[in-house]
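For reference, the structure is listed below as structure tokens.
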Amino acid sequence: MRLTKRTLKIASILTLSFLFLPLAFTNCGAQPFQTLELSSLVPGDAPTSLSHPSSDKAQISTQKPVIGNRLYAASVIRDVFTNQAGAVLPGLDAELNKWVLSRLPQFGGGCDLYSSASGRDCGGDGSGVNVAPRVDTTTVRQTYTIKICENATSLNNSMSYVMSRLGIAAGTEPSNATVSQLYMLYYRTDYPDTNILNMLVQLNNDLKANGENVEERWRALTNFICELSDWQNI
């Protein structure tokens, strides 16, 4: 069963709002604005800009997040859709192979020709052996992430597996606590901050106001968190 067009539209708008919101708060300097003390100037000194710190100030170092490879991404998604009895959602492994595990250049993680008798890990192509263990995220990787998220949540009985994984009964209304639990399945125990939690709760409220049933709302929440994709950072 696929998400309804109304559900996807609202979820997509909120996803884009979340991804681009930080851009609105970026100023032109990495450090706080400084005040010029005129008494400290001596003849011949050039005054420091009132709006930007001096160029010889130490720069704040930035470090790229470490992004998990295809094996990590697949393991997280597989865990979300594994019920408390340890059964994996039927059809999920085929989707993971199609959109994550076989996409070595985009997700990273070299394959092993000897991992199985059939050589399935390399798909019959030895070139994957030399793929880097980890690679930077790309637009193509994000596209494949969206595909696996949508396809996994659209599989038959997908929400019953997610609800079982959360330890709650089918038909349970989303709450701050259960939505946080869902978030933590993807982010591996990281609790959502207030802004993210409020956004997820508002998504549920908007969908409920639009007449979506409990299952569809859980589906939208699961898909929304999955498509954020920074859960792939380790």
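For the reader, a short list of remarks on this structure follows.
- Where a residue in segment 69-98 is free of Cβ contacts under 8 Å to residues at least 40 places away in the same chain and surrounded by 15 or more Cβ atoms within 10 Å (Cβ to Cβ) and its partner, wherever it lies, is in a helix (DSSP H, G or I) and among the β-branched types (Val, Ile, Thr), with Cβ under 8 Å and at least six apart: 70/100; 74/100
- Top-ranked residue in segment 176-234 [being of a type in the set (Val, Ile, Thr) and farther than 26 Å from residue 84 by Cα; ranked as surrounded by the fewest Cβ atoms within 10 Å (Cβ to Cβ)]: 194
- Hey, residue 141 in a helix (DSSP H, G or I), surrounded by 12 or more Cβ atoms within 10 Å (Cβ to Cβ) and in contact with a Leu (Cβ under 8 Å, 6 or more places away or on another chain) or not: no
- Note on segment 177-201: residues that are part of a helix (DSSP H, G or I) and either of a type in the set (Phe, Trp, Tyr) or touching a residue at least 12 places away in the same chain (Cβ under 8 Å) (or both) amount to 14.
Bear in mind these aren't lab numbers, they're just calculated from the coordinates by the rules spelled out. Quick caveat, the model's predicted, so the values are computed rather than measured. Because the Cβ atoms are built from the backbone with ideal geometry, glycine has one as well, and the counts that use them run over all protein chains shown.
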